[in-house]
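Below: the structure, in structure tokens.
Bear in mind these aren't lab numbers, they're just calculated from the coordinates by the rules spelled out. Bear in mind the structure is a predicted one, so any value in this text is a computation, not a measurement. Here the Cβ positions follow ideal geometry from the backbone for every residue, glycine too, while neighbour counts run over all protein chains shown.
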Amino acid sequence: MRYLVSVIDDKSNPGSTDRQPAISAFNERLIAEGYWVFAGGLADTDAATVIDNRGEQAVFSDGPFVESKEYLAGVWVWEAPDLDVALKLATEASKICDRKIEVRPFL
Amino acid sequence: MNDVDVREAITRAHHEEWARVVASLTRRFGDLDIAEEAAAEAFATAVQRWPADGVPPNPGAWLTTTANRQAIDRIRRENKRDDKHRKAQMSYDDDPPEPASAIDDDRLRLIFTCCHPALAMETRVALTLRMVAGLTMPEIARAFLVAESAMGQRITRAKAKIKAARIPYRVPSAEDLPARVSGVLAVLYLVFNEGYLATGPDTDPVRHELTAEAIRLTRLIRALLPQDGEVAGLLALMLLTEARRPARVSAGGELVALDEQDRGAWDAALIAEGHRLVRERLAAAAAGAAPGRYQILAAINAVHTSARDMRDTDWSQVLALYDQLVRLDSSPIIALNRAIAVAEFDGPEVALAAVDRLEPRLAGYHAYHATRADLLRRLGRGRESRAAYDRAIELAGNTAETAYLTRRRDQLR
């Protein structure tokens, strides 16, 4: 079972910026224990572009999270046998990233 | 066998077998939806057939077999309709029937899945009442004053989440068990409390069907986890609280406070059972097991139900238990209840000082103002007492409690 694990930051109350060494160590563990599929931190929401080509011509605009207080700061994809395992890892991940974590299953 | 006997047999089978049937089908087919629907169909078939054919010698086995057949029929129907769906549904467990103890485990699995921490509290309550207790959707909707369609949707969404996110169908590991059991007990205590003192003005003030359901479910968990002290504690707490129900609302529909209750009307059998459980936990505590909050609350209720009246109550014991509870649980509501015991032991003035300190956290809670009102009355501060009663009446939702507070206020000189 694959889960998308989103790291959610809050512009008005951001998590601390010194987490990278701890996150790297956590990633090493995820790899060693077979949960790791993918991980990536994301650039600021200012750097995002939305393309809408459902109409006559493609329209470009800023990302949907530019104005919002909470935004996606990074993602993981984990392989875990069930939600209990994923939630246990996410509980640790929240502490390690100093941010909220959303766990969402892939279809 | 006449119709009344058959109807009673069906009711009894529903109480005793519903959870077992749903639980074993969920394990076999890996799908709560199929299990729930097939169990409901099996009971509907029993209602049709048993009056004519007679009650089968083993109703549980009959219901499980019938429900299994219904589930397989449904899966076959869906297979014909939708081949992709078939692949998702066919991963069910085809093991031979398990011995009785493993089937009991299925009910535990079902309970832990319905009370999973990834589900919202109100969803856990609804799902537990539907899947484990076997209440119908209209019954659950009525219990929590929501529209039937909204309740149906809540349960449907919960089942979809369990499936899509793969919430596991198993008993948690020993390491996770205490936290998960405490999550289950919170669900049951919430159901019980809503029955014991309904929060809203639009229902009966005390709803026996909900307290009875909570006690029945807690007994089931007690049977499945006999070693768990908090399960025993919660059951004792519920029994000792329920025992006072007959004396709790007057003929005029007014809540009767502990000091005015007719203790002769308390249910002696429930008290005896509750006291037995409390003694069992006291013995365990003496042997070194640290009691949790439900065990301590049960012990407090055992002190009350052992006393002939308010004056005969061992208030120093009550206070010592509250002190123990405060160390485990820093909730202001516990502190408020402790202050009520302080009033009996050290007098209303000391108690009032303790209550006033809770103002920042409890200003919106009716019981805070009701407690203050009573203490101010006892101190002869009528004007302030009246204001506190006014505020308590404004905030209270329960009709019997509002009636009680109104009378106390109007008795002030």
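The table that follows gives values for the structure above.
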item: Relative intensity, log₁₀ I(q)/I(0), of segment B:330-413 from a Debye sum that treats every alpha carbon as a point, q = 0.11, 0.20, 0.23 Å⁻¹; result: -0.26, -0.86, -1.11
item: Given charges at beta-carbon only (K, R positive; D, E negative), |dipole| of segment A:2-105 in Debye; result: 240 debye
item: Net charge of Cβ neighbours under 13 Å - reference residue B:199; Lys, Arg +1; Asp, Glu -1; result: -4
item: Segment B:330-413, dipole about Cα centre (Lys/Arg Cβ +1, Asp/Glu Cβ -1), debye to the nearest 20; result: 200 debye
item: Cα centre as origin, Lys/Arg/Asp/Glu Cβ charges: the protein assembly as shown dipole, Debye; result: 380 debye
item: Per residue Cα convex hull volume in Å³ - calculated over segment A:2-105; result: 111 Å³
item: At most 14 other Cβ within 10 Å, DSSP loop - trypsin sites (Lys or Arg not before Pro), segment A:14-92; result: A:54, A:69
item: Listed residues B:364, B:387, B:345: farthest to the positive end of the dipole of chain B (Cβ charges); result: B:364
item: Sorted by Cβ density within 10 Å, fewest first, the residues B:14, B:116; result: B:14, B:116
item: Residue-wise HN-Hα coupling along segment B:254-269, computed from phi with Karplus coefficients 6.51, -1.76, 1.60 (Hz; x: Gly, Pro); result: 10, 5, 10, 5, 3, 6, 10, 6, 7, 5, x, 7, 5, 7, 5, 5
item: Dipole of segment A:33-86, positive direction: furthest Cα of A:37, A:75, A:53, with charges on the beta-carbon; result: A:53
item: Exposure proxy ranking, count of Cβ atoms within 10 Å, fewest first, for A:51, B:300, A:23; result: A:51, A:23, B:300
item: Chymotrypsin sites (Phe, Trp or Tyr not before Pro) within chain A: DSSP coil, no more than 14 neighbouring Cβ in 10 Å; result: A:106
item: Peptide-level mean, for B:187-199, of C-beta atoms on other protein chains within 10 Å; result: 0
item: Peptide-level mean, for B:155-165, of C-beta atoms on other protein chains within 10 Å; result: 2
item: Kirkwood Rh, Cα atoms: Rg over Rh of the protein assembly as shown; result: 1.02
